[in-house]
1. How do 190, 339 line up, fewest other C-beta atoms within 10 Å first?
2. Identify the GluC sites (Glu not before Pro) of the stretch 182-243 meeting these criteria: DSSP loop state and at most 10 other C-beta atoms within 10 Å of the C-beta.
3. Rounded to two decimals, what is Rg over Rh for the stretch 171-216 when you use alpha-carbon atoms and the Kirkwood radius?
4. Could you check which residue among 78, 303, 164 shows the biggest mean-square fluctuation in a GNM of the chain with a 10 Å Cα cutoff?
5. R0 = 41 Å: FRET efficiency of residue 340 with residue 105, Cβ-based, nearest 0.05?
6. HN-Hα J couplings of the stretch 283-300 from phi, Karplus 6.51/-1.76/1.60, θ = phi - 60°, integer Hz, Gly and Pro as x?
7. Any number yet on Rg/Rh for the chain, C-alpha, Kirkwood?
8. Which listed residue (69, 211, 262) has the Cα farthest towards the positive end of the charge dipole for the stretch 27-352, taking +1 on Lys and Arg C-beta and -1 on Asp and Glu C-beta about the Cα centre?
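Coordinate-derived values only; no laboratory data. Please read all numbers here as calculations on a predicted model, not as lab measurements. So basically every Cβ, Gly included, is an ideal-geometry build from the backbone, and we count neighbours across all protein chains shown.
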Amino acid sequence: MKHPFIWIIFSLVLIAGCADQEEKQQEEHASVEKPSVEYEVVADSLSIPWSIDQDGETLYVTERTGSIVEVQEGKKDKIDVSLEKPLSDNPEAGLLGFVLHPDFAQNQQAYAYYTYDDGGTPYNRVILLERKDQSWKEKDVLLDRIPSGQFHHGGRLEIGPDEKLYITTGDATNDEKAQDPEYLGGKILRMNLDGSIPSDNPSDSYLCSYGHRNPQGLAWDGETLYATEHGPKGYDEVNMIEKGANYGWPDVTGDEEKEGTIPPLAHSGEPSWAPSGAVFSEGKLLFATLAGQSIKQFDPDTKEVTDLLDGFGRIRDVHVDGETLYFTTNNTDGRGIPREQDDKLYKVDLSTIEGKQ
């Protein structure tokens, strides 16, 4: 029998090699280009921003390193977030998804998703936050011990038109488990705003859909839910989500078919988009891309994906307020080329973008 330390070293090299391949593919597309549109920098020097939300004139941006930046009238305030567990320092981990409670003006509460370490093992959890005494504090844990690992944490939170909280979870690189309905990883989850299981979920669990690799974007067109998802070495997806449906990972990717699984509406093929946050605007799905270094536009009628804007580097999240598009870069996440005072929150007038359909 081979020495156990040899197997440990071999496993570490294999894991590092897989991570390097994924990062290399993204870095191959990293470049510094001139932005293709007129823009305004709303906030700069952000620390790996991940999620954007808005209440009135105030924008809220989570930073993976553990803060929430509040931006109003050109002023940027970095607010500490008091969490019960220490943030994980694994790649892609940290304070991720964030969405304000529908009654935020009255209760000063919001939902967040973060990766933490427990005795050296990483997990994700969904929590209720409260804004109080010039800080954000973890008030309650709604769902805990969501699988985590070196990569593929998922992390997007959005509240749907049905007033349910939707949560994307990654497969935590345990891809076969994405097909297990009882495993919380590799899923889109759905819960009541108090953390309970909705009575109209497909089963007596939080599961909304399964067979996902690493979904990071959610957006609604009316009552129809769409999601963006990272694929393996390309083959990233745009999906229309149906309750209880199986989206195939890891059994099928791209144009492959298998009975009982739902194929994507569109996919990247190669190279990768590495899609993240998404939003609907005038009937089109706009979504951020990291490796693709652009905001892309998906037309549900034609199933075509086109570039809306580029030249800012890696883009993590998008948010629309009327005719105004906000987005954040992620050039400081270790896979991009940081520019002066990166990362930034940008503002663009949608009506000025050439090619906006």
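1. By the 10 Å Cβ count, ascending: 339, 190.
2. Filter output for the stretch 182-243: 182, 223.
3. With Rg and the Kirkwood Rh in hand, the quotient comes to 0.99.
4. Result for the chain, Cα springs under 10 Å: 303 fluctuates most.
5. The calculated FRET efficiency here is 0.65.
6. x, 10, 8, 9, 9, 6, 10, 8, 4, x, 6, 6, 9, 9, 10, 10, 9, x
7. Radius of gyration relative to Kirkwood radius: 0.95.
8. So the residue furthest toward the plus end is 69.
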